[in-house]
Amino acid sequence: MDLTTHYLGLVLKSPLIASSSPLNREIGNIRLLEDHGAAAVVLPSIFEEQIEQEVAEIERFTSVGVDSFAEALSYFPPAAAHHAGPSRYLETIRQARDAVDIPVIASLNGTTNTGWTQYSRVIEEAGADAIELNIFFIPADPLLSGRDVEQRYLEVLQAVKQAVNIPVAMKLNPYFSSIANFVCELDRAGADGFVLFNRFYQPDIDLATLRLQRDLDLSTPAEIRLPLLWIGLLAGQIHGSLAATTGVETVDEVIKYLLVGADAVMTTSALLRHGVGHIKTLADGLAEWLDAREVSSVVDIRGRMCQRRISDPTAFERANYIQIIQGWKS
Ligand SMILES: Cc1cc2nc3c(=O)[nH]c(=O)nc-3n(C[C@H](O)[C@H](O)[C@H](O)COP(=O)(O)O)c2cc1C
């Protein structure tokens, strides 16, 4: 059975990638993921604010003030720079690179195209095979237009692309007025791939304490539909690769994502729920599913149900919505 796929110009032994999460900070877990069939791992994100924090601390030692950066410093506990900061992050990349043969993808998380983007160069020097760029930006300013927001994404991408030679994937959220158009623009600007979609973690309210609650729900398979729709619409229309993230619990979700055209399929919640060995369940399940249908490779099913290849392309658009609503039976 040939599970090989191409993602960001890298050859992967299967489409299954362990997406960015704290699990992948531990070298032991990264080794286990490789042993259980993960084709690549994405490290947890290093944040623009952490990078700036380390720079500020170095400057403090050399007597330059950091008061202007006080707010950003408060996002992280004081010891963060030591335990999880940029220097430690580079060490994790080096150790992971030495420990496994599968690609190690670093995750850069920030929102501006300022000096911190140059950190991508040292990420490359440390041995990362690719960078996943996660621009988690909430456009809270009512004066900021949708175009301004897109321009910000483009500028961060361009700054990172100029700094490195390794491939750069954009991990995007779905909240753009025209996702297809914007993805094509990022594609033309040099993005090597897209990870669809970033989950936004919104706050809740604890009514007992009247405080904002910051908790995180792991995903469920019901959440695959949004990425499924957009990967199905974009497949075959861009040069860059497409990776699916969100909602992969069983092999069914992996197969659905491949059918609509994903080059790679990522999972985190399922690994946090069931342990890193779950990646083997997904890989074995994929091979069995293909085998049962006498399909010899992933390539043979990938994109078979994307919009461009199905007999009724309107199924991905408004007609589908109307049929779903009108077809409801209580
Ligand atoms: C505990 C936890 C930590 C995460 N940390 C990161 C991170 O540092 N950077 C990032 O881009 N995504 C992060 N993610 C998002 C995951 O990579 C993934 O995109 C998301 O959980 C959806 O996939 P899933 O449904 O398989 O969990 C995190 C998710 C979880 C649950």
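Answer yes if at least one residue in segment 143-151 is within 16 Å of the ligand (Cβ to nearest atom) and either surrounded by 16 or more Cβ atoms within 10 Å (Cβ to Cβ) or hydrophobic (A, V, I, L, M, F, W, C) (or both), and no otherwise.
Scanning segment 143-151, I find no residue that is within 16 Å of the ligand (Cβ to nearest atom) and either surrounded by 16 or more Cβ atoms within 10 Å (Cβ to Cβ) or hydrophobic (A, V, I, L, M, F, W, C) (or both), so the answer is no.
Within segment 113-132, is even one residue over 16 Å from residue 42 (Cβ atoms), under 18 Å from the mean Cα position of the chain (by Cα) and surrounded by 22 or more Cβ atoms within 10 Å (Cβ to Cβ)?
yes
Can you spot a residue in segment 250-272 that is on the phi > 0 side of the Ramachandran plot, crowded, with 22+ Cβ neighbours inside 10 Å and not basic (Lys, Arg)?
Scanning segment 250-272, I find at least one residue that is on the phi > 0 side of the Ramachandran plot, crowded, with 22+ Cβ neighbours inside 10 Å and not basic (Lys, Arg), so the answer is yes.
With the structure loaded, tell me whether residue 154 is modelled with pLDDT of 95 or more and either closer than 28 Å to residue 232 by Cβ or out of contact with any Gly (no Cβ under 9 Å at 6 or more places or on another chain) (or both) or whether it fails that test.
Answer is yes for this residue.
Strands (runs of 3 or more DSSP E) wholly in segment 164-280 with at least 2 residues that are within 13 Å of the ligand (Cβ to nearest atom) and touching a Pro at 6+ places or on another chain (Cβ under 6 Å) - which ones?
Because the criterion is at least 2 residues that are within 13 Å of the ligand (Cβ to nearest atom) and touching a Pro at 6+ places or on another chain (Cβ under 6 Å), the strands (runs of 3 or more DSSP E) in segment 164-280 that meet it are 264-267.
Report yes if residue 302 is within 30 Å of residue 44 (Cβ to Cβ), away from the ligand (no atom under 16 Å from the Cβ) and of a type in the set (Lys, Arg), otherwise no.
Taking the combined requirement at face value, the residue satisfies it.
Considering only residues that are out of contact with any Pro (no Cβ under 9 Å at 6 or more places or on another chain), part of a helix (DSSP H, G or I) and either within 16 Å of residue 195 (Cβ to Cβ) or among the aromatic types (Phe, Trp, Tyr) (or both), which ones fall in segment 117-160?
Hits for segment 117-160 are 153, 156, 157, 160.
With the condition kept exactly as written, say whether any residue in segment 127-141 is over 30 Å from residue 90 (Cα atoms) and within 15 Å of the ligand (Cβ to nearest atom).
no
Among residues belonging to segment 11-30 that are surrounded by fewer than 21 Cβ atoms within 10 Å (Cβ to Cβ) and in contact (Cβ under 8 Å) with a residue 60 or more places away in the chain, point out the one that is nearest to residue 109 (Cα to Cα).
That would be 21.
The values are calculated or read from the model by the stated rules, or taken from the named source; none is laboratory data. Just so it is clear, the structure is predicted and the values come from calculations on it, not from any experiment. Cβ atoms come from the backbone with ideal geometry, glycine included; neighbour counts cover every protein chain shown.
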